[in-house]
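Beneath this line is the structure, given in structure tokens, with notes to follow.
The values are calculated or read from the model by the stated rules, or taken from the named source; none is laboratory data. Keep in mind it's a predicted model, so treat the numbers as computed, not measured. Ideal geometry is used to build each Cβ from the backbone, glycine not excepted, and the neighbour counts take in all protein chains shown. Keep in mind that these areas ignore ligands, DNA and RNA; they rest on the heavy atoms of the full protein, side chains included. Shrake-Rupley method; radii C 1.70, N 1.55, O 1.52, S 1.80 Å.
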Amino acid sequence: MRGTGPPSIDVSAKNFSDGWLALCGRCAGCDRLKNSIGMPMIFHARIEGMPRDGPNLMKTLIISAVLLFAPLAAQADCNPKDFAIKDFKPAINNTGTVARMSLRGELVNNCAAASAAQIRIEVKDAGGKVLQSKQGWPAGTANIAPGDTVHFDLGRMFRYQSEIDSYTVSVVDVRTW
């Protein structure tokens, strides 16, 4: 019967050469529930060579932890101080009845690794009170190569207010995508 279908399933079966599984023998009732063709409907199976209690739990836990924390270790290479904002030029463009803001600048990666940076722009009045504050990723979800510059204009995120007097721009977060 080898190769013509599943072998008869028996707790003592050791024929794994066809790739079929044998019952584990651990569950007393697992060979009692059979479908219309005599195959067990619910059973515990064991692959030859695998330990009775499954794969080593500690090994699985360690591998999972490494895969989980590896991206965090990559982020630790760069920090906000490794990025610089150059040539920040705020402007108000009056086109007819609508005033649009333009908040242009350049973000420079001075880190040794390719990373992206999130910047925060705060719009303040004459007394220093923050009127609006927005954050954005000038390079989107792309990393900036070491020494490279990305041009940005985040003015579309803000609405014009006549009391605007000053702006503050800072790098607040760094990530490796």
statement: Summing +1 per Lys or Arg and -1 per Asp or Glu among the other residues with Cβ less than 9 Å from residue 165's Cβ gives -1
query: With Cβ to Cβ distances under 11 Å as the rule, what net charge do the other residues near residue 146 carry (K, R +1; D, E -1)?
result: -3
task: Treat each spin label as a single point 7 Å out from the Cα along the C-beta direction, and report the residue 162 to residue 142 distance in nm.
output: 4.1 nm
message: If I model a spin label at residue 104 and residue 87 as a point 7 Å from the Cα along the Cα→Cβ vector, what separation in nanometres do I get?
response: 0.8 nm
query: Shape of the range 67-177 from its Cα gyration tensor (a ≥ b ≥ c, root eigenvalues): rounded if a/c is under 1.5, otherwise prolate when a/b > b/c, or oblate?
result: prolate
- request: Can you tell me the dipole magnitude for the range 60-177 around its Cα centre, using point charges on the Cβ only (Lys, Arg +1; Asp, Glu -1), in Debye to the nearest 20?
  value: 280 debye
Carbon + sulfur, % of accessible area of the range 53-177 - ligands and nucleic acids excluded, 1.4 Å: 53 percent
field: Relative contact order of the range 69-158, defined on C-alpha pairs under 8 angstrom at six or more residues apart (%)
entry: 29 percent
query: Per residue, how much accessible area does the range 107-177 have with a 1.4 Å probe, in Å²?
result: 51 Å²
message: Within the range 117-137, name every residue whose backbone N is under 11 Å away from a label modeled 7 Å from Cα of residue 177 along the Cβ vector.
response: 117, 137
